[in-house]
Amino acid sequence: MSADDRRAVDRIFTNVGKSIAAFERTVTQGESPFDRYARGEIGALPVAARDGLGIYFESGCAQCHHGPSLSDDSFHNIHFDSGRIDLQPDLGRFEGVDALRGSPFRADGVFSDSPSTGAHLRRLTPVESMRGQFHTPSLRNVSRTGPWGHGGTFNNLRELITHYAEGRDRRGDLRTTGELDPAIGPFHRVESTITSLMALLQAFAAPPVVP
């Protein structure tokens with residue numbers, strides 16, 4: 001493929017991505033039971049979910065999952081199994097930064113509509129603390145987005161919550177890498193705790209609004 005053809009292909013690829021992104025920005029959702037509770041409708045949240053909300057704050061979940069999107073929009077290492085068949089770890093952000101630095105599609109690249117918004121990327125360098133870090137996902141509709149975990153290794157919310165409840169450092173596991181985020185700590189792994197947190201996560205779900 002000639003250089004001109006490659007640029008044309010990249011331009012088409014970029015425009016398709018921008019079109020999808022423009023559509024996704026129109027996709028919104030209705031109010032979840034949690035949203036209704038937050039604006040004062042106490043009965044909108046089941047008792048079990050209200051118990052789960054207390055555990056959510058006591059256990060430190062809100063350190064990373066907060067705000068309107070229930071995400072701090074940052075990166076953390078929580079020692080999830082990579083799910084890789086070869087049993088190797090996923091380097092996450094550490095590897096992703098290098099890929100981003102070499103990508104022509106980044107925010108300050110030639111295909112960007114506003115290169116100045118990505119100026120900070122020129123100073124972005126992979127450092128050891130990024131090893132194994134992943135972007136904090138939103139918890140909105142989390143009960144509908146399984147399987148869970150970076151490698152899709154959790155088949156249900158119970159397994160996911162149990163992982164957090166253990167809160168242990170898994171550096172001996174070949175499928176994890178890097179330092180466990182200090183915000184991750186164990187909490188009471190009892191049936192009532194798990195059930196209440198499951199009820200809360202389900203209360204974060206809301207129906208989509210047709211654009």
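Only the coordinates and a few stated rules stand behind these numbers; no lab work does. Since this is a predicted model, take the numbers as computed values, not measurements. In this analysis, Cβ positions are derived from the backbone assuming ideal geometry, glycine residues included, and neighbour counts consider all displayed protein chains.
Things worth noting here:
- For segment 106-113, 3J(HN,Hα) per residue [Karplus equation, 6.51 cos²θ - 1.76 cosθ + 1.60, θ = phi - 60°, Hz, x = Gly/Pro]: 6, 4, 9, x, 5, 9, 6, 7
- The H on the amide N of Q29, modeled in the peptide plane, is under 5 Å from the matching H of V209, each at least 5 residues off or on a different chain.
- Built amide H within the under 5 Å cut-off of G132, gap 5+: G92, R93, F94, E95
- Sites E191 and L87 - FRET efficiency at Förster radius 45 Å, r taken between beta-carbons, to 0.05: 0.90
- Relative contact order of the chain, pairs being alpha-carbon contacts under 8 Å that are 6 or more residues apart, as %: 33 percent
- Qualifying trypsin sites (Lys or Arg not before Pro) for segment 32-64 [loop in DSSP, other Cβ within 10 Å: at most 13]: R39
- Modelled this way, with points 7 Å down the Cα-to-C-beta line, the labels at S138 and V110 are 3.4 nm from one another.
- Cα centroid separation - segment 175-211 against segment 1-75, whole Å: 15 Å
- Net +/- balance of residues flanking G30 in space, Cβ distance below 12 Å, scoring K and R +1, D and E -1: 0
- Applied to segment 95-103, the Karplus parametrisation 6.51 cos²θ - 1.76 cosθ + 1.60 on θ = phi - 60° returns per-residue 3J(HN,Hα) values of 7, x, 4, 4, 5, 5, 4, x, 8 Hz, with x for Gly and Pro.
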